[in-house]
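Read the figures in this text as sums done on the coordinates, not as results from a lab. These figures come from a predicted structure and were not determined experimentally. Glycine also receives a Cβ, built like all others from the backbone with ideal geometry; neighbour counts cover every protein chain displayed.
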Amino acid sequence: QVQLVESGGGLVQAGGSLRLSCAASGNIFSINTMGWYRQAPGKQRELVAAIAITGITNYAGSVKGRFTISRDNAKNTGYLQMNSLKPEDTAVYYCNLIQPYDLKGMDYWGKGTLVTVSS
């Protein structure tokens, strides 16, 4: 059974940085792509970054140039480096495995990690 555990969130001032981690366990080796999602209170969850096993990445326009997604396949761990944080980045952040035909993510949602950016 696949399990995903996010960590690294916290409270940070605008302009600051955080690095989120996603520890994965279970049978994930055949899944090509992983991503980071976020959900602000009262809003829909959105995909902010994705990375294929080849290293190819894609980002939402709102985070492009500020966030960097990466993965260490040997450690079964994904990362999201977040720089130049803005108050509108405040959300619960989740990692997940995704397939190209369904970018909403597979049914492996964890508890997420809360990122709060103060103005």
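For segment 13-109, applying the loop criterion from DSSP together with a ceiling of 14 other beta carbons within 10 Å to the chymotrypsin sites (Phe, Trp or Tyr not before Pro) yields 29, 101, 109.
When the Cα positions of 63, 98, 13 are compared along the charge dipole of the chain, 13 comes out farthest toward the positive end, with charges on each C-beta of Lys, Arg, Asp and Glu.
Charging the Cβ of each Asp and Glu at -1 and of each Lys and Arg at +1, and nothing else, the dipole of segment 1-87 about its Cα centre rounds to 220 debye.
Taking Cβ atoms as reference points and 10 Å as the exclusive limit, the residues near residue 24 contribute a net charge of +2, counting Lys and Arg as +1 and Asp and Glu as -1. Here the scattering of segment 1-80 is modelled by Debye summation over its C-alpha atoms, one equal scatterer each and no solvent; at q = 0.19 Å⁻¹ the log10 of I(q)/I(0) is -0.91. Once the Kirkwood radius over Cα pairs is known for segment 67-119, the Stokes-Einstein relation at 10 °C and 1.306 mPa s delivers a diffusion coefficient of 123 µm²/s. For segment 10-19, putting each phi into the Karplus relation 6.51 cos²θ - 1.76 cosθ + 1.60 with θ = phi - 60° gives couplings of x, 9, 9, 7, 3, x, x, 9, 9, 10 Hz, in residue order, rounded to whole numbers and with x for Gly and Pro.
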